[in-house]
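Chemist: Please read through the structure below; I'll follow up with questions.
The values are calculated or read from the model by the stated rules, or taken from the named source; none is laboratory data. Note that the coordinates shown come from a computational prediction; the quantities given were computed from them, not determined experimentally. Note: ideal-geometry Cβ built from the backbone for every residue, glycine included; neighbour counts use all protein chains shown. These area figures cover heavy atoms from the full protein model, side chains too; ligands, DNA and RNA do not enter into them. Shrake-Rupley method; radii C 1.70, N 1.55, O 1.52, S 1.80 Å.
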Amino acid sequence: MPGPIHTADRTVWRQGSLDQGSFGDGTRQIPEETALALTYNGGTYAVMMGTPQNLRDFAIGFSLSEGIVQSADEIDSVDIVELDDGIELRMWLASSKAEHLSERRRHIAGPTGCGICGIDSIAEAVRPAAVVTGGRSFSPREIMTAMAGIAPLQAINIETRAVHAAAFWTPARGIVALREDVGRHNALDKLAGALAQDKVVAGDGMVLLTSRVSVEMVQKTAAIGAPLMVAVSAPTALAVRMADAAGITLAAIARSDGFEIFTHPERITGNEEKAPKLKTGASGAIHVVA
């Protein structure tokens, strides 16, 4: 089984003084990427490109976010089989789930990080996300603390600077789980699988992303059941509409000096010594300001 990090030889050019440059040799740590085939009861459902790590989490999380199963317990077994040109994640479902799957089977050839590649209808691509109700509220300080905790735990990214992370944070436990992958969707699927296996109550925490927020990231977060998602980059307009309809609080563009809230700001409470001021921008986003 290939490891998640590969050492590559490379030649480096660096500019020096007086516009003079020089070449040098060395190595660099880069993330591995391999084909991951997800099969159910002997039939291939999807082939994605991803990082060969936490593959059981990925198989279970993908199954949950795709709606193939509603619970990790509905997957009887997961076998990870290394092949000459990739890795096969062989899953066996209960007979009732297998019959349902045969009615909706589709084949996906997904480039790295592809979330909805191969879907053959517009309706399926923009299917409504699960509606998240309830969930606790969070203070701005809690959000800032949660986001600051991601980078030190990104073991692969510390060495490669080339992978995304998805994490889950609660006030009681801090970062409960963090998963990395070259594909942002894969990282979130891996996180979903880890949370499902550990029976984590998603309403108690928030999903953290080191990527932009597209519509399928909202759909996957809704499947997890988290009331709040926070990302370092901006969301798409469709992602904002989807999060609003799903009842999810979407905060993005999270930096060291603050973040912007795009949907359901009522979950962000000013329960610190001094409550933050909220200002609505021209785009409709709500900005946390000092």
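Chemist: What order, most packed first, do the peptides 153-162, 187-196, 75-84 have when packing is the mean number of other Cβ atoms within 10 Å of each residue?
Modeler: On the way: 153-162: 16.6, 187-196: 28.3, 75-84: 12.6.
The most tightly packed comes first, giving 187-196, 153-162, 75-84.
Chemist: Multiplying the sequence separation of A148 and A8 by 0.36 nm and subtracting their Cα-Cα distance, what value in nm do you get?
Modeler: Numbers: separation 140, 0.36 × 140 = 50.40 nm, distance 3.00 nm.
Here the segment from A148 to A8 would lengthen by 47.4 nm.
Chemist: Also, quick follow-up: Label-point separation (nm) for F23 and Q197, each offset 7 Å from Cα along Cα-to-Cβ?
Modeler: If labels sit at F23 and Q197, their model points lie 4.6 nm apart.
Chemist: Another question, then. Estimate the FRET efficiency between M1 and S139 by the formula 1/(1 + (r/R0)^6), using the beta-carbon distance for r and 45 Å for R0, to the nearest 0.05.
Modeler: 0.60
Chemist: Order these peptides, 1-8, 237-244, 248-255, by their mean beta-carbon neighbour count within 10 angstrom, highest first.
Modeler: 248-255, 237-244, 1-8
Chemist: Here is a follow-up. What accessible surface, in Å², does a 1.4 Å probe find on E33, ignoring ligands, DNA and RNA and rounding to the nearest 10?
Modeler: 80 Å²
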